[in-house]
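**Q** First, the structure itself, so that you have it in front of you.
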Amino acid sequence: MWNHFHESLRGVSKDGLNEVARQLDVVRYARAQLFKRRTGRRLMAAITLGHLQAREAWDDLATVVQSDDPVLSLTAMRAMMLADAATAVPLLLAQLEARADWPAAKIAAIFQEAGPAALSQPLIQAIQQAPPAYAPALIRYLRFAYNDQANRVAGVLLQESDNDGVISACMQLITDPAALPAIRGYLTHSRWPIRLQAAAALGWLGTPKEISLLVE
């Protein structure tokens, strides 16, 4: 019931819930439940510790993140994010490539919750260091970073990358008209998926000048 109300309320209304929980020593109880055999109890404990932003449970949650259960491990990861987003974001990014069992939609929700201040720089650094085959998966999360930083990274990659996945991912999110010359160039790309994405990008970024290119 406490978690239900926490998911339903916003802002300072949650402070009273957290005060009640701490007076009842819920953190200690939830930490113990994290390592019970029943998955339902472990999930509820992780959710509770996240809502409480229980930094004192950090090491316990980090252990649960290594679980083979994708729902349990990702719930624990979200709890760490709620407790300390700036520290948790790099940890999450470091694990993403190995955790193909974590749904992209859930990861996106966590990044959105973390906010651009915590996400932008670690994500950009991860994209710059990622192998080309994996970079597109990270680029898609740039929509949760600061818009100017996301556009800057996507613009550079559009001009420098020769990886189809990277190029396509950048064109799907870029909102800076300064990228139009690069996008126009991809209208004559040898592979049709790139031409398709270039046409779509010109649709939301372009001007009437692009019509003749699109007709062709």
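**Q** When only DSSP loop residues count, what chymotrypsin sites (Phe, Trp or Tyr not before Pro) in the stretch 1-63 have their Cβ near at most 14 other Cβ atoms within 10 Å?
**A** Filter output for the stretch 1-63: Phe35.
**Q** Still on this model: Calculate, in nm to one decimal, what Ser13 and Ala32 gain on full extension: separation in residues at 0.36 nm each, minus their alpha carbon distance.
**A** Between Ser13 and Ala32, full extension yields 4.2 nm more.
**Q** For every helix of n ≥ 4 consecutive DSSP H residues, a contribution of -39,500 (n - 2.57) applies; sum these over the chain, divide by its total residues, and give [θ] at 222 nm rounded to the nearest 500 deg cm²/dmol.
**A** Taken over the chain, the calculation gives -20500 deg cm²/dmol.
**Q** Here's another thing I want to ask about it. Please compute the length gained on full extension between Glu56 and Leu213, using 0.36 nm multiplied by the number of residues separating them and subtracting their Cα-Cα distance.
**A** 50.7 nm
**Q** Moving on to the next point. Would you mind listing how long the stretch 51-127 runs along its three principal axes, going by Cα atoms, in whole Å with the largest first?
**A** In descending order, the Cα extents are 28, 26, 18 Å.
**Q** D for the stretch 116-216, whole µm²/s, Stokes-Einstein with Kirkwood Rh over alpha-carbon pairs at 25 °C and 0.890 mPa s: what number?
**A** 179 µm²/s
**Q** Starting from the Cα of Ala178, step 7 Å along the direction of its Cβ; do the same at Arg152; then give the gap between the two resulting points in nm.
**A** Those two pseudo-labels are separated by 0.9 nm.
**Q** If you wrap a convex hull around the C-alpha atoms of the chain and split its volume per residue, what is the figure in Å³?
**A** Roughly 138 Å³ of hull volume per residue.
**Q** Calculate how steeply helix 116-129 sits against the longest principal axis of the alpha-carbon atoms of the chain, using the helix alpha-carbon long axis, and give the answer as 0 to 90 degrees to the nearest 10.
**A** 60 degrees
**Q** Contact order normalised by length for the stretch 68-216, with contacts defined as Cα pairs under 8 Å and 6 or more residues apart; what percent is it?
**A** Once divided by the residue count of the stretch 68-216, the mean separation gives 15 percent.
**Q** Debye sum, Cα scatterers, the stretch 1-83, no solvent: what log₁₀ I/I(0) at q = 0.12, 0.24 1/Å?
**A** So the normalised log intensities are -0.30, -1.15.
**Q** Would you mind pulling out the separation of the Cα centroids of the stretch 141-189 and the stretch 1-53, in Å?
**A** 41 Å
Coordinate-derived values only; no laboratory data. In this text the structure is predicted, and so the values were computed from the model without any measurement. Counting neighbours? That spans all protein chains shown, and the Cβs are built from the backbone with ideal geometry, glycine included.
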